[in-house]
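K.L.:
Quick one: this structure, given as structure tokens, is what I'll be asking you about.
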Amino acid sequence: MKKLLIIIIGILINNSLLAEDGYRLWLRYNTVHDPALLQQYRQQITSILSPGDADGLFRAQQELITGLSGLLGKQISMQMGVNNGTVMVGLPQHFSFIRTLVGDTALARLGEEGFIIRTTRRDGKSVILITGNKEAGILYGVFHFLRLLQTHQPIQQLNISSTPKIQLRLLNHWDNLNRTVERGYAGGSIWDWQRLPGYIDQRYIDYARANASIGINGTVLTNVNANAMVLTEAWLQKVAALANVFRQYHLKVYLTARFSAPVEIGKLKTADPLNAEVKQWWKEKANEIYRSIPDFGGFLVKANSEGQPGPQNYQRTHADGANMLADAVAPHGGIVMWRAFVYSNESPEDRFKQAYNDFKPLDGQFRKNVLVQVKNGPIDFQPREPFHPLFGAMPQTPLMMEFQLTQEYMGFATHLVYQAPLFKEVLNADTHSKSSSTVAQIIDGTANNHTLTGMAGVANIGSDINWTGHPFGQANWYTLGRLAWDNSLTSAQIANEWIRQTFSNKKAFVDTVQQLMLASREIMVNYMTPLGLHHIMGYGHHYGPAPWYNKAPRADWNPVYFHKADSIGIGFDRTASGSNALAQYQPAVRQQFENMATCPEYFLLWFHHVPWDHKMRSGKTLWETMCDKYYSGVDSVRWMQRSWNRMQNFIDAERFNQVRQLLAIQEQEAVWWRNACLLYFQTFSRKAIPAGYEKPDRTLQYYQELSFPYAPN
Ligand code: BDP
């Protein structure tokens, strides 16, 4: 009895001393709450056996000790010898029985990053084996094992084998050297450049742990709107210091390469990719980088887009530019990720079509170590976009997915928006370019037999104590890693495991919050851009609605360019009678979207200019349906608030209150979106907001006059 009391007090102290400020992300390792389960786990896990002198296993061992000791509420340590419940962690060369037990074929299938977790018997004792071909696999296996406990899974008969579906699983930081973050809403950059390389912030280690725990194996440290200075010697030392930390967690470092760097920091007269001196400059630059960072991943490049320099400045193609850089890093095993987010305002062409027009003809012209990185949709990370028509259109080129975790168009770090349903919607879309060619199959290489594959998420991480500003922003970071590892996971599975690790395993909590998360993306679409509306946000900072805006220096930055509302109707005609962007899709996709009767209503205004009194499938008119959507969006935010309020007793007051306050702002901003958009569109539709709906309490003029000179951007 006394012992039990001590244990209980121990658990209480252990769990309550740790402030729930969100810093620990999904790696909290609080002691398992359920006493019966805790007792079971304590019987099933008693010690760790792992080679003490194996350098490469050190971080995995450390994590296992910390994780298990926390979860089991008692010290679990490395011991010699095998007992019932020993967790054996090692490579086949460490434990000779592994090869026979697992078999060479199964081991080979694991590759460099895969792992096996198995319950087996050694010396008559029941043990749990975590193994892989390489240290990286073991690290991932350890995190997976800890996740099983964190999410209260049974562990008596484990037989798990897992390998990543995608090779490059990356974060893209849009972090500037002055520590501002482009489109960052969670504070400043976590890279403390000024104090690097001498000062290693604990954050770097925790960042690397968090990434490793979800399988992320690379990070691009710098903004795509790049600064060449990061490629100078002094800065490369800082980068190398980060790489030294990250390497221990199997996280590679990449940089953005400013195309004009040879001119800006190399004193050359040109950056023409076919110029011999330019080629030589980049080769030497690559050699210099690899001397201090032998496992440097490579370059991410934004070229000839939104004012960035690129090969087209010299009448060269994107392939010329990419290949020149690819040749520089190839001898070191590096890669180039060349972004397809290009569009020019000099061209009168529908912005939707421009990336495809530029890139499709280049298929087959890229070096083997080049990936073309394509945003999920053709415009720009909108709440809902159809899949980018380049997916499926460049079979000879590895296409890499770029998602945006930072919520530039999704309410910044204020709105609760779980993005997995958005990502899954794109991944599951069928490009019809082959018999098995969903977007997922294009990017995981199975559709066109590519082994070089990648998925990136534009990071939502900043210096805020909880990393992502909104506590639920963490879920999007988490999702990126999990989906890049296994794109067959469902949004529900990912939400479920994230909630359990981050907050609580209590069923009522998990069920409610999971439901709320799964609904949140569609709710946001409804109060911001229903029925296929897109790009109608505030100019520049992108905060709030401004569908009326038409003063941007370029047409394709103006909301009016995208919604085209007039007295007849609303929407962008991208059929053959309009810009014919639909011709960029395979016939099966095109036909579905070009026919108003078969086009999913949630894409309608992406592709059609639709009369205000067009009858929708429900029998209501377009205008009525638009009103319904906007109103239901706001109502649903109120539903989220009510659901959340019921969760008060399940979790810590700190995070409960943060989310409660943020939801209240989200509600106000949803009302703002709804009112501003409907009042404005009403000037074209000339129809009333249906009776029974609360009327906007402000005028259109009020909304149009709001200005936000200091909104983050
Ligand atoms: C847009 C952002 C801009 C980025 C650009 C990009 O507004 O800040 O630089 O995308 O992806 O969404 O290059």
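The values are calculated or read from the model by the stated rules, or taken from the named source; none is laboratory data. Since the model is a prediction, treat every value here as computed from it, not as a measurement. Note that each Cβ is placed from the backbone with ideal geometry, even for glycine, and that neighbours are counted across all protein chains shown. Protein only, heavy atoms only, side chains kept; ligands, DNA and RNA dropped before computing areas. Shrake-Rupley method; radii C 1.70, N 1.55, O 1.52, S 1.80 Å.
Every residue, every condition in (1) within 16 Å of the ligand (Cβ to nearest atom); (2) closer than 16 Å to CYS677 by Cα, yes or no:
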| position | (1), (2) |
| --- | --- |
| THR490 | no, no |
| GLN501 | no, no |
| SER504 | no, no |
| PHE509 | no, no |
| ARG521 | no, no |
| MET524 | no, yes |
| HIS541 | yes, no |
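K.L.:
Across the stretch 370-416, what is the number of residues that are of a type outside the set (Gly, Ala, Ser), closer than 26 Å to GLU669 by Cα and within 16 Å of the ligand (Cβ to nearest atom)?
P.N.:
Of the residues in that region, 17 qualify.
K.L.:
Being closer than 30 Å to ILE335 by Cβ and within 16 Å of the ligand (Cβ to nearest atom) is true for just one of THR163, THR105, THR131, THR180. Which residue is that? Lay out the reasoning, then the answer.
P.N.:
Details: THR163 fails: within 16 Å of the ligand (Cβ to nearest atom); THR105 fails: within 16 Å of the ligand (Cβ to nearest atom); THR131 fails: within 16 Å of the ligand (Cβ to nearest atom).
Result: THR180 is the single residue among THR163, THR105, THR131, THR180 that is closer than 30 Å to ILE335 by Cβ and within 16 Å of the ligand (Cβ to nearest atom).
K.L.:
Moving on to the next point. Tell me, yes or no, whether the stretch 626-649 has at least one residue that is modelled with pLDDT of 95 or more, open to solvent by 10 Å² or more (accessible area, probe 1.4 Å), part of a helix (DSSP H, G or I) and among the β-branched types (Val, Ile, Thr).
P.N.:
no
K.L.:
Among residues belonging to the stretch 199-226 that are touching a residue at least 40 places away in the same chain (Cβ under 8 Å) and hydroxyl-bearing (Ser, Thr, Tyr), point out the one that is farthest from PHE246 (Cα to Cα).
P.N.:
The extreme case among them is THR222.
K.L.:
Sort out which residues of the stretch 141-164 are open to solvent by 10 Å² or more (accessible area, probe 1.4 Å) and not polar (S, T, N, Q), and write them in order of number.
P.N.:
Passing the criteria: HIS144, ARG147, LEU148, HIS152, PRO154, LEU158, ILE160, PRO164.
K.L.:
Let me ask something else about it. Please find, within the stretch 222-256, the residue that is farthest from PHE58 (Cα to Cα) out of those that are in a loop (DSSP other than H, G, I, E, B) and away from the ligand (no atom under 16 Å from the Cβ).
P.N.:
So the residue we want is THR232.
K.L.:
Hey, can you tell me all the residues within the stretch 650-665 that are free of Cβ contacts under 8 Å to residues at least 24 places away in the same chain and either open to solvent by less than 60 Å² (accessible area, probe 1.4 Å) or over 14 Å from LEU416 (Cβ atoms) (or both)?
P.N.:
Of everything in the stretch 650-665, those that are free of Cβ contacts under 8 Å to residues at least 24 places away in the same chain and either open to solvent by less than 60 Å² (accessible area, probe 1.4 Å) or over 14 Å from LEU416 (Cβ atoms) (or both) turn out to be ALA653, PHE656, ASN657, ALA664.
K.L.:
Under 8 Å between Cβ atoms, at least 6 apart or on separate chains: pull out the pairs that start in the stretch 352-375 with a residue that is without any contact (Cβ under 8 Å) to a residue 40 or more places away in the chain and end on any residue that is of a type in the set (Asp, Glu) and open to solvent by 30 Å² or more (accessible area, probe 1.4 Å).
P.N.:
Close Cβ pairs satisfying both conditions: ASN357/GLU349.
K.L.:
Tell me which residues, restricted to the stretch 479-500, are open to solvent by less than 10 Å² (accessible area, probe 1.4 Å) and within 19 Å of TRP644 (Cβ to Cβ).
P.N.:
Listed by number, the residues that qualify are ALA495, TRP498, ILE499.
K.L.:
Looking at the stretch 666-674, is at least one residue in contact (Cβ under 8 Å) with a residue 40 or more places away in the chain and surrounded by fewer than 17 Cβ atoms within 10 Å (Cβ to Cβ)?
P.N.:
So far as the stretch 666-674 goes, no, none of its residues is in contact (Cβ under 8 Å) with a residue 40 or more places away in the chain and surrounded by fewer than 17 Cβ atoms within 10 Å (Cβ to Cβ).
K.L.:
Since ILE465 meets every condition but one in (1) part of a loop (DSSP other than H, G, I, E, B); (2) over 25 Å from ARG209 (Cα atoms), which condition does it not meet?
P.N.:
ILE465 satisfies all of (1) part of a loop (DSSP other than H, G, I, E, B); (2) over 25 Å from ARG209 (Cα atoms) except (2).
K.L.:
If you don't mind, there's one more thing I want to ask. Based on this model, can you work out whether PRO530 counts as in contact with a Lys or Arg (Cβ under 6 Å, 6 or more places away or on another chain) and in contact (Cβ under 8 Å) with a residue 12 or more places away in the chain?
P.N.:
Yes, satisfied.
K.L.:
Here's a follow-up. For the list (1) in contact with a Phe, Trp or Tyr (Cβ under 9 Å, 6 or more places away or on another chain); (2) surrounded by 23 or more Cβ atoms within 10 Å (Cβ to Cβ), I need the number of the one condition that ARG258 fails.
P.N.:
(1)
K.L.:
For the stretch 257-299, which positions are part of a helix (DSSP H, G or I) and among the small types (Gly, Ala, Ser)?
P.N.:
Within the stretch 257-299, ALA261, ALA276, ALA286, SER292 meet the criteria.
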